[in-house]
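J.: My structure is below; once you've seen it, I'll send some questions.
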Amino acid sequence: MNEAGTRTPAAPAPTRREQILREAARLFAERGFHGVGVDEIGAAVGISGPGLYRHFAGKDAMLSELLVGISERLFEGGRQRAAEAARAGDPAAVLDSLIDGHIDFALDDRALITLHDRELGQLREGDRKQVRSLQRQYVELWVGVVRALHPGADEAEARAAVHAVFGLLNSTPHLGRPGALPGRAATAALLRRLALGALAALSDGDGRSMDGSTDQED
């Protein structure tokens, strides 16, 4: 219940399809795509391996839905967050919202980060191109916001900074098991400070561009 004494609606129970995808992501991340059989994924959700084929054509289809799906969710979620925050006319609020959304992903979908890093090459070419296209759009969404906040940074600098922040936030699979972290809220706050600090370096005032030249040089 919340402070007013009303009951907070419970989150809807995951569908069987969502359960399958969640366990497939976990197993693929732990043991590799080729190290996991359909029967093992089925056992993890309490159904027979052949029963999975009522939901997916096979492991390839699961991997595709996982990696294309998370790319779609990041981009569409980011675009929605940016649009909502932009109504206040404050680029800093837009960036805050984008960072918070990516931190939620980095903390809640750690298996998908590992899966992307290790198994993207297993996707069919069309699916892999779709993932890359969605990722580029997501990057450019961030770049536009970052340049609005740091107008002195050129496009290449802003894009490099965005990629660096993604690398920082997506480091969560390397931070140890969830129980080893200082708690979700504390970890989220730390990641947020680090991301903002990294992007603030774009306005450090040294006037130096990525090629090593300065604004004062002819």
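J.: For GLY69, what charge total do you get from the other residues with a beta carbon under 12 Å from its beta carbon, if Lys and Arg give +1 and Asp and Glu give -1?
T.: Numbers: positive: ARG17, ARG22, ARG73; negative: GLU18, GLU65, GLU72, GLU76, ASP109, ASP127.
Residues close to GLY69 contribute a combined charge of -3.
J.: To continue, here is another question. Scan the chain and hand back the longest stretch that contains none of the trypsin sites (Lys or Arg not before Pro) lying in DSSP loops with at most 10 other Cβ atoms within 10 Å.
T.: Values: sites that count: ARG7, ARG87.
Answer from the scan: 88-218.
J.: I'd like to check one number: the per residue accessible area of the chain, probe 1.4 Å, reported in Å² as a whole number. Kindly include the intermediate steps, with their values, before the conclusion.
T.: Details: 12200 Å² over 218 residues.
Computed with neighbouring chains in place, this is 56 Å² per residue.
J.: Hey, another quick one. If you roll a 1.4 Å probe over region 125-197 with all protein chains in place, what percent of the accessible area is carbon or sulfur?
T.: Answer for region 125-197 is 58 percent, counting heavy atoms of protein chains only.
J.: Taking R0 as 25 Å, what FRET efficiency do you get between ARG31 and ASP100 from their Cβ-Cβ distance, rounded to the nearest 0.05?
T.: Result of the calculation: an efficiency of 0.20.
J.: Assign one of three labels to region 97-149, namely rounded, prolate or oblate, based on the Cα gyration tensor with a ≥ b ≥ c the square roots of its eigenvalues; rounded applies when a/c is under 1.5, prolate when it is not and a/b is larger than b/c, and oblate otherwise.
T.: oblate
J.: Something else: Round to a whole number: what % of the accessible area of region 6-94 belongs to carbon and sulfur, probe 1.4 Å? Walk me through the numbers before you get to the answer.
T.: Working: 2650 of 4920 Å².
With neighbouring chains kept in place, the figure for region 6-94 is 54 percent.
J.: Kindly state, to the nearest 0.05, the FRET efficiency for ALA86 paired with GLU40, given R0 = 41 Å and r defined as their beta-carbon distance.
T.: On the way: r = 45 Å, r/R0 = 1.10.
Between ALA86 and GLU40 the formula returns 0.35.
J.: What net charge is computed for the residues neighbouring LEU123, neighbours being all others with C-beta under 11 Å from the C-beta of LEU123, Lys and Arg scored +1, Asp and Glu -1?
T.: With Lys, Arg at +1 and Asp, Glu at -1, the neighbours total -1.
J.: Using only helices, what value at 222 nm comes out for the chain when you add -39,500 (n - 2.57) per DSSP H run of length 4 or more and divide by the total residues, to the nearest 500 deg cm²/dmol?
T.: Numbers: 8 runs with 137 residues, N = 218.
Mean residue ellipticity, 222 nm, calculated: -21000 deg cm²/dmol.
J.: Here's another thing I want to ask about it. First measure r as the distance between the Cβ atoms of ALA61 and ALA189, then evaluate 1/(1 + (r/R0)^6) with R0 = 30 Å and state the FRET efficiency to the nearest 0.05.
T.: 0.20
The values are calculated or read from the model by the stated rules, or taken from the named source; none is laboratory data. Quantities reported herein were computed from a predicted structural model and do not represent experimental measurements. Quick reminder, even Gly has a Cβ in these numbers, built from the backbone with ideal geometry, and neighbours come from all protein chains shown. The accessibility values were calculated without ligands, DNA or RNA, using every heavy atom of the protein model including side chains. Shrake-Rupley method; radii C 1.70, N 1.55, O 1.52, S 1.80 Å.
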